[in-house]
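Beneath this line is the structure, given in structure tokens, with notes to follow.
The values are calculated or read from the model by the stated rules, or taken from the named source; none is laboratory data. Just so it is clear, the model here is predicted, and its values are computed rather than measured. Cβ: placed from backbone, ideal geometry, glycine included. Neighbour counts: every protein chain shown. Just the protein is used for accessible areas: all its heavy atoms, side chains included, with ligands, DNA and RNA removed. Shrake-Rupley method; radii C 1.70, N 1.55, O 1.52, S 1.80 Å.
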Amino acid sequence: MKKSKTLGILLIIFILFMSTTLAQAMYQKTSTSTLQKIKDTREIIVGVASWYSKESPGIRPTTANMEIFDDTDMTCAMWGVPFNQHLKITNLSNGKSVTVRVNDRGPHKRFVEQGRVVDLSKAAFAKIAPLHEGLVQVKVELM
């Protein structure tokens, strides 16, 4: 009786461990090197930033971490960075920067393949560039 109970507990622990590991692997699976998880806090990523708002086509009312999306918050969407990680985004053309918190996933992978690295909320983008620019070259640093 004790052996079967112990075996059952070990089996449950093994299943939980494997399902967690599998879920993490599936979540972090990426198609391009630009989407790879940032491993070194000193790493700097240079690429293109865009912005999105509630009025943008296809934007859902909640973010990937299930917060209500508010385009007036200083938030962003980025792949390979943990939720709630703070980033410093610097516009390379004018030196303006903003600190944002990751609460969503994006940009869409087809844009990432073209060099886009982060989608900023409307308010965050407005801090570093006029909205009509739409896309700006930025430096992304983990805080």
If you scan segment 123-133, which residues turn out to be open to solvent by 50 Å² or more (accessible area, probe 1.4 Å) and not in a loop (DSSP other than H, G, I, E, B)? Ala126, Lys127, Leu131, His132, Glu133
Tell me whether segment 111-122 contains one or more residues that are open to solvent by 70 Å² or more (accessible area, probe 1.4 Å), of a type in the set (D, E, K, R) and within 14 Å of the chain's Cα centre (by Cα). no
Assess whether Val102 counts as being buried (at least 16 other Cβ atoms within 10 Å of the Cβ), under 10 Å from Met78 (Cα atoms) and in contact with a Cys (Cβ under 8 Å, 6 or more places away or on another chain). yes
Determine whether segment 134-143 contains at least one residue that is more than 23 Å from Lys54 (Cβ to Cβ), touching a strand residue (DSSP E or B) at 6+ places or on another chain (Cβ under 6 Å), charged (D, E, K, R) and surrounded by 15 or more Cβ atoms within 10 Å (Cβ to Cβ). yes
Evaluate segment 44-57: report whether one residue or more is assigned to a loop (DSSP other than H, G, I, E, B), among the polar types (S, T, N, Q) and at pLDDT 80 or above. yes
Exactly one condition in (1) in a loop (DSSP other than H, G, I, E, B); (2) in contact (Cβ under 8 Å) with a residue 24 or more places away in the chain is false for Gly95; which is it? (2)
Segment 58-88, residues that are open to solvent by less than 50 Å² (accessible area, probe 1.4 Å), assigned to a loop (DSSP other than H, G, I, E, B) and within 21 Å of Gly47 (Cα to Cα): Met78, Gly80, Val81, Gln85
So which of Arg116, Arg110 is more than 13 Å from Gly80 (Cα to Cα) and free of Cβ contacts under 8 Å to residues at least 24 places away in the same chain? Arg110
